[in-house]
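> Here it is, the structure, as C-alpha cells.
The values are calculated or read from the model by the stated rules, or taken from the named source; none is laboratory data. Remember, predicted model here, so these are calculated numbers, not experimental data. With ideal geometry, Cβ positions are generated from the backbone for all residues, glycine too; neighbour counts draw on all protein chains shown. Quick note on the areas: whole protein, heavy atoms, side chains included, nothing else; ligands and nucleic acids left out. Shrake-Rupley method; radii C 1.70, N 1.55, O 1.52, S 1.80 Å.
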Amino acid sequence: VLGCNLRCVECAVGSGLVRRKYGHMTMDQFSHIVKQMRAYCTYTYLHLWGEPMVNRDITSMIKVASRFAVTNISTNANTLNEEAAKELIHSGVSEIIVSIDGVSQEIYETYRRKGNVQKAFDGLKYLVKYNMLSGNKVSIGPQFVVFDHNKHEMNQFSMICE
C-alpha cells in the first residue's frame, strides 16, 4: 500500500514526500509475489509507508501469508470499526501494532493529522475484545512514539492500555 487516511507530519507518505503513484496492491499482484517468496519467507510485514487497512484486500492477503509466515501489520486504527477489527483478528494475523501517539485529541493530531484519537482507541478496544474472545492468539502492541509535544501523556497512555 502506498496511501494513508492520515497526514502524519514526519511520515514520507503522509507529508507528501513520496512522489510515487499512490495506490493499493491488488490480490493478483500479491498472489504473484507470494509464489516467488513463499519458499523463503518466514516473517511478513504487510505494511510500510502507509496504512494497510485502507486496502480492502488486506485481510485476504493476511489469510494467504499466514499459511506460511508470521504476519505483522501496523495500523493507526482510525478505519477499524467493530466488524473490521473482528475480521482482522480472524484473518490469521500474528502481530498488530496500533500506533496512537497521544491521549487527548489536541496532542494526538499534532502528529497524526486528520486522525481521531477516539477512533484509534475504539479500534484498539475492538481488536482486544475480539482477540480475547478468540483466545488471545494475536499479539497486539499499542505504540506511542514519543515527541516533545506528547511525552507528558505517555504515562496516561500506558495506564489506558493496561
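> Extension gain Asp57-Ser31, at 0.36 nm per residue separation less the Cα-Cα distance, in nm? Display every interim value, and only then the final one.
Values: separation 26, 0.36 × 26 = 9.36 nm, distance 1.15 nm.
Here the answer is 8.2 nm.
> Relative to the compact-globule scaling 2.2 N^0.38 Å, provide the ratio for the alpha-carbon radius of gyration of the range 85-160.
Scaled against compact globular proteins, the figure is 1.15.
> Also, I was wondering about something else. Before anything else, pin down the relative contact order of the chain: Cα pairs under 8 Å, at least 6 apart, normalised by residue count, whole percent.
Result for the chain is 22 percent.
> Placing unit charges on C-beta atoms (Lys and Arg positive, Asp and Glu negative, everything else neutral), compute the dipole magnitude of the range 24-112 about its Cα centre in debye, rounded to 20.
The dipole magnitude comes to about 540 debye.
> Still on this structure, I have one more. Taking the full set of protein chains and a 1.4 angstrom probe, give the accessible area of Lys129 in square angstrom, rounded to the nearest 10.
Using a 1.4 Å probe on the heavy atoms, I get roughly 90 Å².
> Turning to a different aspect of this structure: Can you tell me the convex hull volume per residue for the range 56-119, based on C-alpha atoms, in Å³ to the nearest whole number?
Here the figure is 81 Å³ per residue.
> Counting only pairs 8 or more places apart or on different chains, how many lysine pairs in the chain have C-alpha atoms closer than 18 Å?
10
> Mind telling me which of Gly102, Gly135, Gly115 comes out most flexible in a GNM of the chain, alpha-carbon contacts under 10 Å?
Residue with maximal mean-square fluctuation among Gly102, Gly135, Gly115: Gly135.
> Give the accessible surface of the range 11-138 per residue, rounded to a whole number of Å², with probe radius 1.4 Å and ligands, DNA and RNA excluded.
54 Å²
> Would you kindly find the accessible area of His152, with a 1.4 Å probe and non-protein molecules such as ligands, DNA and RNA excluded, rounding to the nearest 10 Å²?
130 Å²
> Can you give the calculated 222 nm mean residue ellipticity of the chain, where each DSSP H run of n ≥ 4 adds -39,500 (n - 2.57) and the sum is split over every residue, rounded to the nearest 500 deg cm²/dmol?
Numbers: 6 runs with 59 residues, N = 162.
The per-residue figure over the chain is -10500 deg cm²/dmol.
> Give the cysteines in the chain for which no other Cys Cβ lies under 4.7 Å away, or write none if there are none.
So, Cys4, Cys41, Cys161.
> Can you give the Rg/Rh ratio of the range 10-112, where Rg is from the C-alpha atoms and Rh is the Kirkwood radius?
0.99
> While we're on this one: With the dipole of the range 65-145 worked out from charges on the C-beta (+1 for Lys and Arg, -1 for Asp and Glu) around the Cα centre, which of Leu80, Gly92, Gly102 lies farthest toward the positive end?
The listed residue farthest towards the positive side: Gly92.
> Given a cut-off of under 8 Å on Cα pairs at least six residues apart, what relative contact order in percent is computed for the range 87-162?
On the way: 81 pairs, mean separation 32.1, N = 76.
Relative contact order comes out at 42 percent.
> Just how far, in whole angstrom, is the range 27-44 from the range 88-162 if you go by their alpha carbon centroids?
Centre-to-centre (Cα) distance: 29 Å.
> With +1 on each Lys and Arg Cβ and -1 on each Asp and Glu Cβ, and nothing else charged, work out how big the dipole of the chain is about its Cα centre, in Debye to the nearest 20.
Dipole about the Cα centre, nearest 20: 600 debye.
> From the residues Gln36, Ser60, His47, which one has its Cα farthest along the dipole of the range 32-108 in the positive direction, the dipole being from +1 and -1 charges on Cβ of Lys/Arg and Asp/Glu about the Cα centre?
Comparing the listed Cα positions along the dipole, Gln36 ranks first.
> Report Val145's accessible area, 1.4 Å probe, all protein chains in place, as a number in Å² to the nearest 10.
Taking all protein chains as shown, Val145 has close to 60 Å².
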